[in-house]
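S.K.: There's a structure below that I have some questions on.
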Amino acid sequence: MLRFPGGKNDMGSLIESIHSPADVKLLSFEKMAILAEEIREFLIQSLAKTGGHLGPNLGVVELTIALHAVFNTPEDKILFDVSHQAYIHKILTGRLDRFETIRQPGGISGFMLRTESEHDCYGAGHAGTALSAALGMAVARDLAGGSEHVVAVAGDAAFTNGISFEALNNIASQTKRMIVVLNDNEWSIDRNVGAVARYFHRIVTNQRYQHLHDRAARLIERVGGKTAVKVVRRAEEAAKGMLWPSILFEEFGLQYYGPIDGHNIPVLVESFRFLKTLDRPVLLHVITQKGRGFQPAIDGQKKFHGLGPYDPETGQTPDGMPTYAEVFANTLADLAEKDDRVIAITAAMPNGTGLDNFRTRHPKRYFDVGIAEEHAVVFAAGIATRGFRPVCAIYSTFLQRGFDPIIHDVCLQRLPVLFCMDRAGLAGDDGPTHHGLFDIAYLRGIPEIVLMAPKDEDELADMMKTALELAGPSAIRYPRGAVAGVARKADPQSIAIGKAEVLADGSDVAILGLGSMISLAKSLAAAIERDGYSAALVNPRFVKPIDREMLERYARRVAAFVTFEDHVKMGGFGTAVVEALDEMGLAIPVVRMGWPDQFIEHGKIDQLRARYGLTVEAALTQVLPLLARRRRRTLVAS
Ligand SMILES: Cc1ncc(C[n+]2csc(CCOP(=O)(O)OP(=O)(O)O)c2C)c(N)n1
């Protein structure tokens, strides 16, 4: 029997009877409404244990039921932008029995995953891809002479993203059949921003639309669910009556329908039935409420966008340690008190990056540009040309979107932009779309940039101060979550560029732990010393410029280096050490500890480190034979 721990006992029968979209199609509108309520209750109870994107999913329950009532996946293709709101799609496509494993080690993903189900036609995790990928599928269908429908579901915030507009620019000239669903809840993670958000808001609040919409919706509800041809035709007419010209989308060549109530199943179903008959690309504007059915999520939109476990009655979450994001944002706000050239820029992540705090203290020097990382970087470059000190706070994984402008706009022009990369390292539950495992590799090869990683929160503040004093570009990477918990100085101090910090000297092995990996390096040093060897422990601080003097000094003394990094080994910090030693003509073994050349699945960080050998034990098995060899040689020589 079903899983409504603490939930309503009389619920659960319908949801359990849904094994595939075919089962949804058998339901009457009344039954679909009951199913929607069961799914809500199930999500609230289940995600309370696993965590996840509760708010976005509560908003699209009816929308997803209606999509599966009308379209036939896997033949028809339904894409979700970001795909953090695809939980109901997972439930309706045969994954209810595995749902409680979502985001858990070995369990189903929190995002669409092509390898997980034939119903997941396209994987995602980053925003703005659904329209382009859907257009690709529509064009491929047209070339192959297929007849399937392609539906892209994208949130209002996806339309703050350039890729969505690049796709819009192409859709009408490249296919005659494609459906875009604009899921408009007026929220990104924070309030959605910019002219596009204001434009959607004006449509939704227009009085004339309200009147038209109410009339049409009443008619559809009266005839809805009845299949007699005449009645269906009347419903279609009513759906057409919802046409409300939107200059923006019409100019792009998409016929615009809506806005319609995204919680009204009959209206949604009839609208989709009508839209699938059209031979032109269309956009259906659907109004939904994020967090619907769970008051704490409605009241706490930002928190419930995505979160860890919570109390399913009250929405309370356990108190946590301060995070790197908080230290970053408070430090930046402090530095901005003393330096009015400091500007903070976020790409739709004021909450996650901590910049909410900066906004409160320096509202005029705070910019949320929407989900527009590429723009954020070029925008920062422009600001920097005028003598300001822009700081782009962007997660490591999302800054991948800004790669070209970091080279072309920032570094090539040697502009003093600081990139603060939160979530650098394994992200854990969110999985491979969100792991920040590539930033060293993509930044290290760019001339001019200074790249740092602090061992703790106090050093993060020092590095920020140092970076803001530089004449050129810089970047700081720090991990997700709780800080190390060290004592903080009253004021940050500048540090010497390109100088590592030697925490303990030693003569047999030099262990370099980049950033928060210093803790593994420390444990390895202790384990090695227990075996009677002398280990130097080094906090490298800088990936670039790397401390060659320190490397040379140890290369002449020790039998081996060990490098630890929360990053792929290929192109990472350990590679930088190997390259520097090679360039200096110093032949010495380097044991590189980092992530292998493959995508790492979602899961708990400790478990994944154990699985992939990013552990003290794994390092020991590689380094001890090297040390023993030298000891044997020394004994023979003496
Ligand atoms: C490139 C990129 N930048 C930032 C994010 C972080 N992010 C995840 S969901 C989201 C907001 C999505 O809002 P919307 O598309 O309107 O969907 P909603 O959650 O409101 O349903 C953001 C900013 C991301 N996934 N991808």
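The values are calculated or read from the model by the stated rules, or taken from the named source; none is laboratory data. Just so it is clear, the model here is predicted, and its values are computed rather than measured. Every residue, glycine among them, receives a Cβ derived from its backbone with ideal geometry; neighbour counts consider all protein chains shown. Surface areas here come from the heavy atoms of the whole protein model, side chains and all, with no ligands, DNA or RNA. Shrake-Rupley method; radii C 1.70, N 1.55, O 1.52, S 1.80 Å.
S.K.: For residues that are of a type in the set (A, V, I, L, M, F, W, C) and open to solvent by 50 Å² or more (accessible area, probe 1.4 Å), scanning just segment 489-528, find the one that is farthest from ALA619 (Cα to Cα).
M.R.: For segment 489-528, the residue satisfying everything is ALA490.
S.K.: Another question, then. Any idea which of (1) open to solvent by less than 10 Å² (accessible area, probe 1.4 Å); (2) in a helix (DSSP H, G or I); (3) more than 16 Å from the ligand (Cβ to nearest atom) is the one LEU399 doesn't satisfy?
M.R.: Failing condition for LEU399: (3).
S.K.: While we're on this one: So, ALA69, is that one modelled with pLDDT of 95 or more, under 18 Å from the mean Cα position of the chain (by Cα) and small (Gly, Ala, Ser) or not?
M.R.: So ALA69 does not fit the description; no.
S.K.: Going through segment 455-479 one residue at a time, which ones are of a type in the set (A, V, I, L, M, F, W, C) and open to solvent by 10 Å² or more (accessible area, probe 1.4 Å)?
M.R.: Scanning segment 455-479 gives LEU468, LEU470, ALA471.
S.K.: Quick one: would you say ALA376 is within 16 Å of the ligand (Cβ to nearest atom) and at positive phi?
M.R.: The answer is no for ALA376.
S.K.: Which residue, of THR314, THR360, THR323, is in contact with a Pro (Cβ under 8 Å, 6 or more places away or on another chain), open to solvent by 10 Å² or more (accessible area, probe 1.4 Å) and away from the ligand (no atom under 16 Å from the Cβ)?
M.R.: None of the other options fit; the residue is THR314.
S.K.: Could you run through segment 8-59 and say how many residues are surrounded by 22 or more Cβ atoms within 10 Å (Cβ to Cβ) and not hydrophobic (A, V, I, L, M, F, W, C)?
M.R.: 9
S.K.: May I pose another question? Quick one: would you say SER132 is surrounded by fewer than 20 Cβ atoms within 10 Å (Cβ to Cβ), away from the ligand (no atom under 16 Å from the Cβ) and farther than 30 Å from HIS19 by Cβ?
M.R.: Spelling it out, it is not the case that SER132 is surrounded by fewer than 20 Cβ atoms within 10 Å (Cβ to Cβ), away from the ligand (no atom under 16 Å from the Cβ) and farther than 30 Å from HIS19 by Cβ.
S.K.: Which of the residues that make up segment 160-203 are touching a residue at least 60 places away in the same chain (Cβ under 8 Å), part of a helix (DSSP H, G or I) and more than 14 Å from the ligand (Cβ to nearest atom)?
M.R.: Correct list: LEU168, ASN169, ILE171, ALA172, SER173, ILE203.
S.K.: Which residues, taken from segment 263-300, are of a type in the set (S, T, N, Q) and buried (at least 20 other Cβ atoms within 10 Å of the Cβ)?
M.R.: Answer for segment 263-300, where residues must be of a type in the set (S, T, N, Q) and buried (at least 20 other Cβ atoms within 10 Å of the Cβ): ASN264, SER271, THR288.
S.K.: From the list ALA344, ALA380, ALA348, which residue is of a type outside the set (Lys, Arg), open to solvent by less than 30 Å² (accessible area, probe 1.4 Å) and touching a His at 6+ places or on another chain (Cβ under 8 Å)?
M.R.: ALA344
S.K.: From the set of residues in segment 74-106 that are in a loop (DSSP other than H, G, I, E, B) and within 13 Å of the ligand (Cβ to nearest atom), which is nearest to GLY428 (Cα to Cα)?
M.R.: Only one residue fits best here, namely HIS84.
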